[in-house]
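This report concerns only the one structure given below.
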Amino acid sequence: TLRQNGAATVPDASWRDGCEDAADFVVCDVWKNSGDGSLCVDAGAPFCGRIDSSGWFCPVCDIGENDWYYAAAKYVLQDGIFSGTTRWRFSPGDRLTRGMLACVLYKLADSPQLKGQPRAFSDVAAGSWYYDAVEWAAENNVTGGSGGDGFSPDAPVTREEFLAMLRGFDASSV
């Protein structure tokens with residue numbers, strides 16, 4: 001078990017198998033909040049992460065403490081504002097999509113229950129990872145979509161769209 005606020009303990013060197021850089025990464029299957037603010041990791045199938053110099057378990061393999069954006073990435077990961085693009089990737093060089101931005105704003109609003117009828121953008125399928133966030137954004141006038149009856153969740157968000165959604169978010173939170 002590894003604990004964020006305590007010393008790392010591992011049974012033997014086999015915990016390193018399957019990671020890109022065995023010196024820096026740990027392999028795990030399940031990671032969860034232990035209830036006391038610490039992060040517990042149970043050994044098992046491959047899952048990569050890193051314990052940084054402060055003792056925080058970073059659950060993704062593609063960012064490091066020497067990256068200029070590390071403090072910001074750590075903040076959004078710790079607070080659940082962002083999650084990885086895959087189980088162990090943060091993908092810092094990827095473009096932010098409209099669906100990702102809707103999720104970020106939804107999480108900042110504490111992921112409230114949806115109020116009513118689905119807006120049913122034609123390109124936002126029920127059950128998709130961004131569905132609730134996009135529906136919430138539409139309900140609260142954070143977004144009106146990308147034109148017609150679409151939202152374009154996988155399209156990169158432009159600066160213009162980012163600002164419009166941010167303004168809609170600010171207005172919805174007042």
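Just so it is clear, none of the values below were taken in a lab; they were calculated from the coordinates. Here the structure is a predicted model, which is why all the values come from computation and not from measurement. Ideal geometry is used to build each Cβ from the backbone, glycine not excepted, and the neighbour counts take in all protein chains shown.
A cut-off under 9 angstrom between Cβ atoms defines the neighbours of P153, and their net charge, with Lys, Arg +1 and Asp, Glu -1, is -1. Each peptide among 97-106, 75-84 gets the average number of other Cβ atoms lying within 10 Å of its residues, and from highest to lowest they stand as 97-106, 75-84. Here segment 63-174 is treated with +1 on each Lys and Arg Cβ and -1 on each Asp and Glu Cβ, and its dipole about the Cα centre works out to around 100 debye. Full extension of the chain segment joining L96 with I81 gains 4.1 nm, where the gain is 0.36 nm per residue of separation less the Cα-Cα distance.
Can you tell me how segment 89-174 classifies by the Cα gyration tensor, rounded, prolate or oblate, using a/c under 1.5 as the rounded cut? Show your work: numbers first, answer last.
Numbers: a/c = 1.32, a/b = 1.18, b/c = 1.12.
Verdict is rounded for segment 89-174.
Between E139 and Y70, the simple spin-label model (points 7 angstrom out along Cα→Cβ) gives 4.0 nm.
Taking segment 101-132 and a reference point 7 angstrom along Cα→Cβ of S172, the backbone N atoms nearer than 14 Å belong to 101-121, 130-132.
Provide the net charge surrounding S111, with neighbours chosen by a C-beta distance below 15 Å and charges set as Lys +1, Arg +1, Asp -1, Glu -1. Before the final figure, lay out each step's value.
Working: positive: K107, K115; negative: D79, D110, D132, E135, E139.
Computed value for this residue: -3.
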